Amino acid sequence: MSKPMQPKHQNRFNRTSLYKPTGEVVRHSEYPCRLNFYLRPPPVEISVEDFERFALDRLQVLKTIENATLRNKKADEFRREMDRVSSEHMRMRTGHTKEAMEDRKKDHVSHFILRLAYCRSEDLRAWFLRQECALFRYRFELESRKDKEVFLKSLDINWKVVSQEDKMNMKAELESCAIWTAKAAGIQNVKDFVENETYFEVEFEKVPDLIGRRSVLVRRGKAFVPMTEQISLVMDEFKARLSKALEATAKALPRMDEDERLKPVLLNVEKQYTGKDYGDVTNVTGKVKASEVDGLSQHFPLCMSNLHQSLRKDKHLKHGGRMQYGLFLKGIGLSVEEALVFWRKAFGNHTDDKFQKEYSYNIRHNYGLEGRRVNYAPYSCMKIIQSNQPSTGDHHGCPFRHFSAQSLEATLYKNKVGAPQVNEIVRLAKDRHYQLACTRYFEVTHPEMQSGQVGTIEHPNQYFDMSQGKLPDSDAMTTD
Amino acid sequence: MLDVQAHDEISDIMAMDAAEQNFFSDDDMTEVDRDMSKVHLNQATPDRFKTKSFPMAASNFNSKLTSMQAMENDPVILLRTFYNRFFPYKTYFNWLNYDTTPNKNFVQREFSFTLASDTYLRYNSFSDAEELRNEIERLQPVKIDIGAIYTAKPKDKKTINPKAFQPVEKELVFDIDMTDYDEIRTCCSGGDICHKCWGFMTVAIKVIHAALKEDFGFKHILWVYSGRRGVHCWVCDERARKLNNEARSAIVSYLEVVKGGAEMSRKVKLPATLHPSLTRSLDILRQYFLPLVVKDQGVFNDEKSWKKILNIIPDQAVQAKLAERWEGTDASGKSRWDDLRTELEKNEYAKRKTGDKLNLIPRDIIFQYTYPRLDDKVSTNINHLLKSPFCVHPKTQRVCVPINPDTCDQFDPFSVPTLQTLTKELESYNAANTKETDKRMADYDKTSLKEYIGTFELFVDGLLKEALERKRAEASVSMEF
């Protein structure tokens with residue numbers, strides 16, 4: 001069963017080597033540029049150890065990109081972050097030295113490994129595509145004009161160049177579109193700019209960003225893109241090709257999965273970046289008893305401890321709260337039997353009859369035992385923040401999103417957060433970085449954890465696990 | 001246990017409806033539908049109604065028309081007549097199918113119906129025009145929405161994997177609604193319109209139509225009166241149908257000029273050098289600004305309205321100067337507009353190196369007061385539903401008829417046929433013409449609906465012709481191999 005991998009690789013090498021005219025010289029021109037469109041699979045054999053190490057290194061880079069975008073980093077901050085993480089995990093040296101070639105090989109190989117890991121679902125593909133596009137853009141902008149030209153030439157992309165005659169025919173229109181472009185390129189006189197600039201004629205769909213900003217001329221469906229804006233075109237090509245390749249990989253994957261050496265590594269890598277969805281609770285269900293919930297509540301994130309306290313205080317929770325809290329409890333390991341006990345006790349003011357009629361169905365429903373029989377997953381932070389806004393009498397939602405600044409402040413002080421940290425957290429919440437505010441709250445209340453180890457809180461159950469001392473990446477990061 | 005479960009499933013459905021409602025174009029239909037449902041709460045269900053109380057076939061319909069006069073103002077019966085006799089099913093099918101033999105364009109297209117009982121039925125789909133006709137006649141929807149073409153038949157949605165059910169194509173659509181003009185309208189507000197404000201829609205059609213045609217190269221653009229207070233636009237070129245959401249958003253943001261919420265006085269801020277597309281738009285706006293905005297709307301006539309305009313000027317001193325000149329006088333709107341321009345277009349402002357270029361403000365005011373205001377959510381999401389042409393608006397009883405963009409200046413929403421006028425016209429035509437040839441005529445040809453259906457047929461002919469040419473080209477290519 002594990003056989004097919006080897007011959008397939010052999011084949012691939014042979015096929016690739018057909019493209020090369022001769023042996024030794026080619027080894028160096030394998031990677032003439034630092035930039036790569038990743039059109040061909042890497043023609044190298046690598047060890048399983050390298051396989052995983054490369055993948056995890058690239059993941060660090062992609063995760064940094066995601067984090068920076070989530071935190072709305074400005075362009076220069078973003079670049080600084082990227083410079084840092086690249087030098088640590090994925091150096092890309094210039095020139096044609098042996099080291100530079102090694103860098104490029106690693107870049108090439110690691111891209112393809114992650115492709116395999118991330119092609120499995122629509123969501124994963126979208127995530128990978130987004131981060132890879134950002135990475136490519138960052139690298140493209142680092143290159144000199146000459147290196148860019150060399151790279152683009154190697155791609156052999158057919159962008160139709162507008163003839164001088166055609167350009168002169170629409171000179172006035174091009175000029176009125178080029179004011180900002182010319183300025184950005186450091187040329188004050190727009191007429192000179194248009195006259196000397198090479199323009200490409202492309203379908204307008206290829207450059208949505210330029211169309212949306214009204215920064216190119218569009219006529220009868222064609223956009224006229226100046227050379228200086230070619231990054232938009234390059235990104236379109238990159239995105240289109242990678243997106244297609246990912247789908248193709250997804251279709252081919254079942255065959256590759258047969259290699260037993262790769263499968264665990266890929267699954268491990270895949271788990272890394274999206275985090276768990278906590279939907280599969282089969283391995284934890286039954287671990288927690290109803291009577292233990294109070295004791296565990298010290299590990300709850302603010303949203304859940306708020307629901308817990310409200311439940312204790314009012315002996316009731318409205319529907320939205322029951323859903324958010326009930327599924328969370330399911331995620332930490334409360335079985336359906338224990339859940340029924342827990343809620344029955346919590347709703348102490350209700351008669352048995354009323355409880356059976358109105359609530360037990362709902363609890364069983366959450367566990368997939370009624371109605372559509374869907375095994376519902378605990379809500380993620382995104383879902384709590386974005387959907388089902390709490391209204392009067394509701395206690396669900398995200399405290400960093402749905403509390404007023406005053407009540408958030410009061411809650412934080414009550415939980416023994418120091419004044420400077422309270423200010424910091426409230427400010428993050430005010431700037432709409434709710435998950436970062438929650439992360440910061442976690443860091444402050446868990447001083448034993450090293451900051452930086454925490455990542456961003458994306459799921460209440462992740463918070464709970466981490467608070468219990470389980471690091472999210474701990475099992476995945478060890479490669480042995 | 002059983003009834004609890006049933007109840008739960010109902011609440012599931014209702015929750016889903018609430019979540020999906022924002023996919024409908026906001027044409028105050030919900031509110032209206034509720035009115036309708038109140039009125040007809042005691043009516044028989046459509047099914048029973050069809051077989052028992054209204055058994056006559058279309059052929060012996062004419063003779064019974066007179067006896068129906070008592071019922072002629074009953075919207076339910078009028079709507080039934082409309083769906084039986086006036087709705088242009090065949091052309092409608094050819095349009096959405098983009099060919100004459102059924103294919104995925106039609107078969108995998110979502111239709112959604114709103115019933116008089118205020119129920120939404122989403123994800124309907126039909127195999128051909130006949131099936132669509134039967135279902136419409138059975139359900140008597142007060143509103144029909146058109147959605148996207150999916151990877152599978154929408155009616156099978158529940159039985160297939162959600163991943164295998166994705167929207168793939170849809171016309172590029174635009175929704176322009178008069179309520180978005182309330183802050184600049186002086187004559188009416190909300191759902192009301194009059195001849196004085198309809199001009200905004202005329203300008204909108206002209207500006208958007210020109211941009212779609214000349215900038216984006218689209219050829220098959222259908223404009224439709226929304227039945228009450230706005231217009232819809234359906235761009236039907238194959239290229240438009242295949243646009244992804246990103247490209248749709250890009251086009252909308254390319255077209256959008258008026259931005260900012262209620263807390264923002266100045267909603268248009270354009271650079272000194274306009275994009276050629278906006279230069280063309282401005283030429284159109286200029287033709288309408290004086291007659292529509294200054295004269296008909298009279299935005300310079302009363303203090304409240306002209307104060308709004310002065311607030312746009314980012315210079316307190318200039319604002320005060322003009323206010324002082326205008327207060328308590330009864331100068332004409334035109335002369336006040338001239339005052340404003342003379343004041344702001346002074347040379348000193350144009351030469352100013354820092355701060356706002358005040359000389360550009362009059363131009364931006366023209367944009368703010370005449371440029372089309374789009375409801376962007378309708379356009380940017382391929383999933384979004386939009387009310388179909390040839391629906392009948394339940395409140396006004398007007399048919400959602402196509403508008404010819406070349407003659408949109410003459411379009412008068414108040415002369416659009418209603419259910420009542422159509423029935424009357426048909427009746428009087430049949431009374432005056434009894435020849436055999438008349439009997440064979442399509443019913444809409446006997447009424448004022450004729451010209452609108454003519455516009456629609458011309459539009460659909462263009463599409464079919466192109467489809468035919470493409471097929472021929474493909475055939476000749478494959479012959480070469």
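Once the C-beta distance of B:A272 and A:K160 is scaled by a Förster radius of 35 Å, the resulting FRET efficiency is 0.65 to the nearest 0.05. Taking only alpha carbon atoms, region A:156-230 gives an Rg to Rh ratio of 0.93, where Rh is the Kirkwood radius. Shown here for region B:346-379: trypsin sites (Lys or Arg not before Pro) in loop regions (DSSP other than H, G, I, E, B) with at most 11 other Cβ atoms within 10 Å, namely B:K353. Distance distribution P(r), region A:29-119, all Cα-Cα pairs, bin width 5 angstrom from 0: 3, 13, 22, 23, 20, 13, 5, 2 percent. The mean sequence distance of close C-alpha pairs (under 8 Å, at least 6 residues apart), as a share of the length of region A:156-230, puts its relative contact order at 34 percent. Taking every C-alpha pair closer than 8 Å and separated by at least 6 residues, the mean separation divided by the residue count of chain A gives a relative contact order of 14 percent.
Structure shown: which of B:K395/B:K424; B:K213/B:K387; A:K206/B:K471; B:K104/B:K170; A:K206/B:K170; B:K267/B:K395 lie over 21 Å apart, alpha-carbon to alpha-carbon? In this structure, B:K213/B:K387; A:K206/B:K471; B:K267/B:K395 lie more than 21 Å apart at Cα. With a cut-off of 9 Å between beta carbons, the residues surrounding B:D145 carry a summed charge of +2, where Lys and Arg count +1 and Asp and Glu -1. Only Cα pairs under 8 Å and 6+ residues apart enter the sum, and on that basis the relative contact order of region A:93-205 stands at 19 percent.
Other residues lying with their Cβ under 14 Å from the Cβ of A:W180 contribute a combined charge of -1, Lys and Arg counting +1, Asp and Glu -1. Could you give P(r) for region A:290-467, binned at 10 Å from zero, as whole percent values over all Cα-Cα pairs? Going out from 0 Å in 10 Å bins, region A:290-467 shows 9, 38, 35, 15, 3, 0 percent.
At 1.567 mPa s and 4 °C, plugging the Kirkwood radius over alpha-carbon pairs of region B:240-280 into Stokes-Einstein gives what diffusion coefficient in µm²/s? Taking Rh from Cα pairs, D becomes 105 µm²/s. Region A:123-151 and region B:396-419 have Cα centres spaced 51 Å apart.
Sparsely packed loop sites in region A:326-410 (the trypsin sites (Lys or Arg not before Pro) outside DSSP H, G, I, E and B with at most 10 other Cβ atoms within 10 Å) comprise A:R372, A:R373.
Counting Cβ atoms of other protein chains within 10 Å of each Cβ in A:204-217 and taking the mean gives 6. Straight-line reach from A:K357: taking Cα to Cα under 14 Å and skipping same-chain neighbours fewer than 8 places apart, the aspartates and glutamates in range are A:E370, B:D3, B:D8.
For region B:186-222 versus region A:286-336, the spacing of their alpha-carbon centroids is 55 Å.
Electrostatic bookkeeping for B:T380 treats Lys and Arg as +1 and Asp and Glu as -1; over the other residues with beta carbon under 12 Å from its beta carbon, the sum is -2. Put the Cα centre of region B:249-281 next to the Cα centre of region A:165-222 and the gap is 19 Å.
Pair-distance distribution P(r) for chain A, from all Cα-Cα distances in 20 Å bins starting at 0: 19, 43, 30, 8, 0 percent.
Throughout, read-outs are computed from the coordinates displayed, never taken from laboratory work. What you are looking at is a predicted structure, and each value in this text was computed from that prediction instead of being measured. Every residue, glycine among them, receives a Cβ derived from its backbone with ideal geometry; neighbour counts consider all protein chains shown.
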